1. Are any residues in the stretch 605-635 touching a helix residue (DSSP H, G or I) at 6+ places or on another chain (Cβ under 8 Å) and open to solvent by 90 Å² or more (accessible area, probe 1.4 Å), and if so, which ones?
2. Kindly provide the set of residues from the stretch 167-198 that are within 18 Å of D104 (Cα to Cα) and crowded, with 20+ Cβ neighbours inside 10 Å, ordered by number.
3. Would you check if R535 is within 13 Å of the ligand (Cβ to nearest atom), touching a residue at least 60 places away in the same chain (Cβ under 8 Å) and either over 19 Å from A585 (Cβ atoms) or not small (G, A, S) (or both)?
4. Under the condition of being among the charged types (D, E, K, R) and touching a residue at least 60 places away in the same chain (Cβ under 8 Å), which residue from the stretch 306-346 is least open to solvent (accessible area, probe 1.4 Å)?
5. What about A514, is it farther than 24 Å from F447 by Cα, more than 9 Å from the ligand (Cβ to nearest atom) and open to solvent by 30 Å² or more (accessible area, probe 1.4 Å)?
6. Of the residues in the stretch 20-33, how many are open to solvent by 70 Å² or more (accessible area, probe 1.4 Å) and touching a residue at least 60 places away in the same chain (Cβ under 8 Å)?
7. Could you give me the residue pairs with C-beta distances under 7 Å whose first residue belongs to the stretch 384-395 and is more than 16 Å from the ligand (Cβ to nearest atom), whose second residue is of a type in the set (S, T, N, Q) wherever it lies, and which are 6+ apart or on separate chains?
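The values are calculated or read from the model by the stated rules, or taken from the named source; none is laboratory data. Small disclaimer: the values here were computed from a predicted structure and weren't measured. Here the Cβ positions follow ideal geometry from the backbone for every residue, glycine too, while neighbour counts run over all protein chains shown. Surface areas here come from the heavy atoms of the whole protein model, side chains and all, with no ligands, DNA or RNA. Shrake-Rupley method; radii C 1.70, N 1.55, O 1.52, S 1.80 Å.
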Amino acid sequence: MSTSDQETKLYVPSEAAVKAAHVSGMDAYRKLCDEADADYEGYWARLAREFVAWKQPFTQVLDESNAPFFKWFADGTLNVSYNCLDRNVEQGRGDKVAIIFEADDGKVTRVTYNELLTQTSQLANALRSMGVKKGDRVVIYMPMSVEGVVAMQACARIGATHSVVFGGFSAQSLRDRIEDAGAVMVITADEQMRGGKQLPLKAIVDEALSLGGCDTIRNVVVYQRTGGKVAWGARDKWLHDVVAGQAITCEPEWVEAEHPLFLLYTSGSTGKPKGVQHAGGGYLLHAALTTKWTFDLKPEDVFWCTADIGWVTGHTYIAYGPLANGGTQIVFEGVPTYPDAGRFWKMIQDHKVTIFYTAPTAIRSLIKAAESNADVHPREYDLSSLRLLGSVGEPINPAAWEWYHLNIGGGRCPIVDTFWQTETGGHMITPLPGATPLVPGSCTLPFPGIMAAVVDETGKDVPWGQGGILVVKKPWPSMIRTIWGDPERFKKSYYPADFQGKYYLAGDGAIRDAKTGYFTITGRIDDVLNVSGHRMGTMEIESALVSCTELVAEAAVVGRPDDTTGEAICAFVVLKRPRPTGEEARQIAKQLRDWVGKEIGPIAKPKDIRFGDNLPKTRSGKIMRRLLRSIAKGEQITQDTSTLENPAILDQLSQSN
Ligand code: WT7
């Protein structure tokens, strides 16, 4: 990488990097874009034949007859697990290491493609023997583990639709997802290990099921991770017992391309999370394709995506994309700060990681750690194996980008700042490392074939240099198919009438650089916050707060910028008792924080809680969130408050407790 222009900080890929890359140079990038422009369906069909092994080849490509419920490759059949496992074994990669698993305590286990296929087949047989059939939903509530990946692959193998729930979610959140999905089984572990601590999983599953509404669950399969004590009932089965004696081969269920591979719940603008439904064929194509092109994955690479399998990043760039390419990857159980904040750097050194993909939040907190403790500074580690870095989940600020580039990448590794969403299945706007000149803070240009654009409220393109709404003008293979059980909400959320139902609405604002046309994401345009790269709906947190009926009369939640977590959650609360101050306010704030942690999960705990006698409202009773956002930021209110019914409340809320 060389800086060709200090002014604009353009990082141009080195000649050697361009030469070696799958997409080699900007001409190659433009050629692919032109191919998609000239024959959109032909372009995707070509790649679908190249990247996916089909049982029954497709003859149809895109079916728009029931828009916006688009279908891709609808008459083709495949099995995703066959593509990720058997195909590698058949092509002679059976003894290649698929997963290098590093446990919280540092213990390393290597699993080959042969072994992964055997484990997956045995679990798939076990699931079948317990009556799990094609189309059944299976909830996976697992620690980061080989078993977690195997559980996902085993579901895919028998055509069951998995729904992974992040291990940090509470019993209530888990219950809601089990009920909404109508799942027949939960696969979990006794406990998970994080930062030297044992945290319960099975006990939370027990609690979730006891909350009611989960009558569809027939079995709970438990992976014994720690040997910690767990309660046991008639429906509970140990993973090691159910796989014992199962055949080591398992005929895959060949399913239609549109068959739902998974549901993944994510936050939207209402209180209820949405079950984003993905289809196996199109999703696998984009997972495989983006892993190869964006990460320029080669057979000798050691790839490490630090995400949890509970988020979409862990689906696409751990459970599916790297395996579909026959890659070798790291799966890490623990946290970046245990036993110290040098853990990531030590693991890169130990395993000679070549491609490293993480979130800006992690980078920012590790910068802080390195600055305060020289022992965990990345210069103490040999990071020379790295050749490519990635960023995902939230905007990366230029200062963090520069630090990452210099201190982790040694100034030589490109950084791919990948913009995408749970709904998009894979990368949408991202540099390609052997082609795109980089600008810190910009996710640069659309992946070839993704028709991203910035428009105004009426759907008209805005000129470069002017901010607007990010849309995608054409359907793409790995797009969300619907919201599980709520097709109307799918239409309203993603294909709103504002754009005549024609454009996919991402929910983010964006601006294109006046000269280069590069995209920069300017943040969500809906009531969704991004805290440490995790998506949180303000309404969800508000519902959790007001469900504390004993204390809370009313609550409004907004985000404010935070140096480490990107955004921080700020709650304004009206209590059913007089407004507390001082120590009492601190006590109640703690109580409410814990309450939200219990209702949703620790990631949803508000950082600030302020109490008022009321909230700022218009005469018609609407909460004026823009004022709350200013107060949360500590700004002077300069906005028009003439429609405000109770202006005095602003002063009260501005005083911190
Ligand atoms: C939202 C999607 C993508 C997988 C992890 C998060 C924000 C994501 C970037 C980026 C700026 C980004 C957007 C998006 N976002 N990547 N590179 N630059 N913003 O998936 O939980 O579905 O969240 O994350 O706001 O809409 P998610």
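1. Once the filter is applied, which keeps residues that are touching a helix residue (DSSP H, G or I) at 6+ places or on another chain (Cβ under 8 Å) and open to solvent by 90 Å² or more (accessible area, probe 1.4 Å), the stretch 605-635 yields only D613.
2. Filtering the stretch 167-198 for residues within 18 Å of D104 (Cα to Cα) gives 167-168, 188-198.
Matches in the stretch 167-198: G167, T188, A189, D190, E191, Q192, M193.
3. Details: within 13 Å of the ligand (Cβ to nearest atom): yes; touching a residue at least 60 places away in the same chain (Cβ under 8 Å): yes; either over 19 Å from A585 (Cβ atoms) or not small (G, A, S) (or both): yes.
Against the criterion (within 13 Å of the ligand (Cβ to nearest atom), touching a residue at least 60 places away in the same chain (Cβ under 8 Å) and either over 19 Å from A585 (Cβ atoms) or not small (G, A, S) (or both)), R535 qualifies.
4. Per the stated criteria, the residue is E333.
5. no
6. Start the filter on the stretch 20-33 by keeping residues that are open to solvent by 70 Å² or more (accessible area, probe 1.4 Å), which leaves 22, 27, 30-31.
Right, trim to touching a residue at least 60 places away in the same chain (Cβ under 8 Å) and you get 22.
Adding up the residues that qualify gives 1.
7. Close Cβ pairs (under 7 Å, with a partner that is of a type in the set (S, T, N, Q)) amount to S385/T354; L386/T354; R387/T354.
Quick grid of which residues meet (1) among the aromatic types (F, W, Y); (2) over 29 Å from E253 (Cβ atoms):
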| residue | (1), (2) |
| --- | --- |
| S14 | no, yes |
| K19 | no, yes |
| R49 | no, no |
| A53 | no, no |
| F58 | yes, no |
| F70 | yes, no |
| A98 | no, no |
| F101 | yes, no |
